[in-house]
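A.B. asks: Below are the structure tokens for one structure; questions will follow.
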Amino acid sequence: MKAAVLREVGAPLQIEDVQIGKPGPREVLIRTAAAGVCHSDLHFIEGLYPYALPVVLGHESAGVVEQVGRDVRMVKPGDHVITCLSAYCGHCDQCLTGHLSLCNGQETRRGKDEAPRLSQVGAPMAQFANLSSFAEQMLVHEHACVAIRKDMPLDRAALIGCGVMTGVGAAIHTSHVRPGESVAVIGCGGVGLAAINGAAIAGAGQIIAIDISPAKDNLSRTFGATDFICAADTDPVKAVLEMTKGGVHHSFEAIGLSKTAEQAFDMLRRGGTANVIGMIPVGERISLPGSAFLGEKRIQGSVMGSNRFPVDMPRLVDFYMAGKLKLDEMISRRLKLEAVNSAFDDLKRGEVARSVIVFDA
Ligand SMILES: NC(=O)c1ccc[n+]([C@@H]2O[C@H](COP(=O)([O-])OP(=O)(O)OC[C@H]3O[C@@H](n4cnc5c(N)ncnc54)[C@H](O)[C@@H]3O)[C@@H](O)[C@H]2O)c1
Ligand SMILES: [Zn+2]
Ligand SMILES: [Zn+2]
């Protein structure tokens with residue numbers, strides 16, 4: 001099958017022929033229909049986070065089940081599915097206390113002594129995030145995908161697989177935004193726009209979108225933002241403190257910079273919560289004013305929207321079908337796998353919501 005391979009940090013992805021295995025007892029073979037291009041893939045290309053190479057990137061996808069292993073119970077051939085990198089074992093203490101997205105179980109991966117899921121003329125090829133979506137097929141554990149209704153378009157379903165679940169979940173699950181509360185979102189790419197949308201669904205009052213690209217002004221309002229601050233020419237902390245008369249209840253960092261994580265904390269009201277969604281480069285630290293803790297200000301991480309994805313993703317599909325979740329507006333561009341590198345160039349410019357790779361049926 002055709003797949004986009006990262007061979008070297010900083011190099012463009014190459015379209016290569018890669019071999020995919022047969023499903024083990026609890027594995028599912030999926031024909032990829034669409035894959036979104038998330039900034040996390042770019043962080044790995046840039047080497048800000050290390051990974052085994054060569055690797056097939058991509059982790060935000062939807063497709064159709066082709067084949068299942070003998071013990072698979074969650075899906076069957078012909079099912080339309082969304083994949084999720086939060087593969088859960090189902091029986092560790094995190095899973096059993098409802099924190100599926102924090103599962104550390106290793107059994108959803110293949111062991112070192114087993115044949116790899118992906119290979120190339122006999123040599124192993126790393127599978128990214130248990131998925132590797134920039135490929136015509138995916139071989140995943142059954143707990144890394146969920147079946148959805150068949151009237152849901154798969155190119156939009158793919159976005160739910162990472163960015164949308166991450167943003168909406170950060171607002172609803174991680175930070176528990178309540179009706180009427182104020183929200184600020186720093187960084188309005190796919191993830192930040194989804195956080196804005198999630199805050200709107202939760203009934204937030206004021207929702208302040210912040211980005212350095214002026215193109216995000218109108219776009220963020222489509223997702224529910226009530227105000228926009230262009231951080232290229234305005235200090236976002238000062239502006240938010242003024243606009244809200246003392247700070248927001250919830251802030252979300254959706255870029256991956258220590259500076260903007262600090263800004264997220266500095267724009268809180270007393271008792272407010274800052275959520276760091278962006279992937280701050282490994283080894284970097286952030287600095288906070290210690291006295292602010294007397295105001296019961298909090299800062300926390302949010303990974304994959306603190307999801308329980310087998311429950312959440314079909315609900316997000318229903319939200320889209322009901323017009324509450326904005327996915328048509330999220331797709332800036334549809335492209336073929338061969339054009340994947342140009343989608344990373346678009347991400348670097350910061351002007352897109354999401355680019356989606358659409359595979360031939
Ligand atoms: N925690 C998780 O589970 C999770 C999941 C998905 C993605 N992420 C991370 O979330 C981050 C955002 O991902 P994305 O795909 O939405 O990225 P993106 O590139 O589409 O969006 C980033 C946005 O930030 C803006 N920006 C850049 N610098 C800025 C600054 N100094 N101030 C204000 N705005 C600025 C850009 O203009 C752009 O609109 C990345 O770090 C990604 O790796 C984390
Ligand atoms: Zn992602
Ligand atoms: Zn587990």
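A.B. asks: Can you confirm whether Glu338 is assigned by TED's automatic domain parsing to the domain that holds Asp217 and more than 18 Å from the chain's Cα centre (by Cα)?
C.D. replies: no
A.B. asks: Asp346 fails exactly one of the following numbered conditions: (1) in contact with a strand residue (DSSP E or B) (Cβ under 7 Å, 6 or more places away or on another chain); (2) farther than 16 Å from His39 by Cβ. What is the number of that condition?
C.D. replies: The single condition Asp346 does not satisfy is (2).
A.B. asks: Considering segment 323-341 alone, what residues qualify as being free of Cβ contacts under 8 Å to residues at least 40 places away in the same chain and either open to solvent by less than 60 Å² (accessible area, probe 1.4 Å) or over 23 Å from Cys188 (Cα atoms) (or both)?
C.D. replies: Selection gives Gly323, Leu335, Lys336, Ala339.
A.B. asks: Looking at Gly278, Gly305, which is the one that is part of a helix (DSSP H, G or I) and either in contact with a Gly (Cβ under 7 Å, 6 or more places away or on another chain) or modelled with pLDDT of 95 or more (or both)?
C.D. replies: Testing whether each residue is part of a helix (DSSP H, G or I) and either in contact with a Gly (Cβ under 7 Å, 6 or more places away or on another chain) or modelled with pLDDT of 95 or more (or both) leaves just Gly305.
Every residue, every condition in (1) at pLDDT 95 or above; (2) more than 16 Å from ligand 1 (Cβ to nearest atom), yes or no:
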position: Leu57; (1), (2): yes, no
position: Glu60; (1), (2): yes, no
position: Pro77; (1), (2): yes, yes
position: Val81; (1), (2): yes, yes
position: Ala87; (1), (2): yes, no
position: Gln94; (1), (2): yes, no
position: Gly111; (1), (2): no, yes
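A.B. asks: Test Ile186 against the criterion of being modelled with pLDDT of 95 or more, more than 24 Å from Asp318 (Cβ to Cβ) and more than 16 Å from ligand 2 (Cβ to nearest atom), and give yes or no.
C.D. replies: Judged against the criteria, Ile186 is a match.
A.B. asks: Under the condition of being farther than 18 Å from Pro12 by Cα and not charged (D, E, K, R), which residue from segment 342-361 is surrounded by the fewest Cβ atoms within 10 Å (Cβ to Cβ)?
C.D. replies: Among residues in segment 342-361 that are farther than 18 Å from Pro12 by Cα and not charged (D, E, K, R), the one surrounded by the fewest Cβ atoms within 10 Å (Cβ to Cβ) is Ala361.
A.B. asks: Given the condition free of Cβ contacts under 8 Å to residues at least 40 places away in the same chain, in a helix (DSSP H, G or I) and not small (Gly, Ala, Ser), answer yes or no: does some residue in segment 178-193 qualify?
C.D. replies: No, that holds for no residue.
A.B. asks: Can you say whether Ser220 is farther than 21 Å from Val303 by Cα, more than 21 Å from the chain's Cα centre (by Cα) and more than 16 Å from ligand 3 (Cβ to nearest atom), as far as the supplied structure shows?
C.D. replies: So Ser220 does not fit the description; no.
A.B. asks: Scan segment 103-119 and give yes if some residue there is closer than 25 Å to Ile357 by Cα, within 16 Å of ligand 2 (Cβ to nearest atom) and surrounded by 15 or more Cβ atoms within 10 Å (Cβ to Cβ), otherwise no.
C.D. replies: Checked against the condition, which is being closer than 25 Å to Ile357 by Cα, within 16 Å of ligand 2 (Cβ to nearest atom) and surrounded by 15 or more Cβ atoms within 10 Å (Cβ to Cβ), segment 103-119 yields no hits at all.
A.B. asks: So in segment 116-134, with the set limited to residues that are touching a Ser or Thr at 6+ places or on another chain (Cβ under 9 Å) and assigned to a strand (DSSP E or B), which one is farthest from Met1 (Cα to Cα)?
C.D. replies: If we take residues in segment 116-134 being touching a Ser or Thr at 6+ places or on another chain (Cβ under 9 Å) and assigned to a strand (DSSP E or B), then Ala126 is farthest from Met1 (Cα to Cα).
A.B. asks: Note down all Cβ pairs under 8 Å where the first residue falls in segment 263-288 and is under 14 Å from Gly247 (Cβ atoms), the second is within 16 Å of ligand 2 (Cβ to nearest atom) and of a type in the set (A, V, I, L, M, F, W, C), and they're at least six residues apart or on different chains.
C.D. replies: Cβ pairs passing all conditions: Ala264/Phe252; Ala264/Val276; Ala274/Phe252.
The values are calculated or read from the model by the stated rules, or taken from the named source; none is laboratory data. All values derive from a computational prediction rather than experimental measurement. Methodologically, a virtual Cβ is constructed for each residue, glycine included, from the backbone with ideal geometry; neighbour enumeration extends over all protein chains shown. Accessible surface areas use protein heavy atoms only, side chains included; no ligands, DNA or RNA. Shrake-Rupley method; radii C 1.70, N 1.55, O 1.52, S 1.80 Å.
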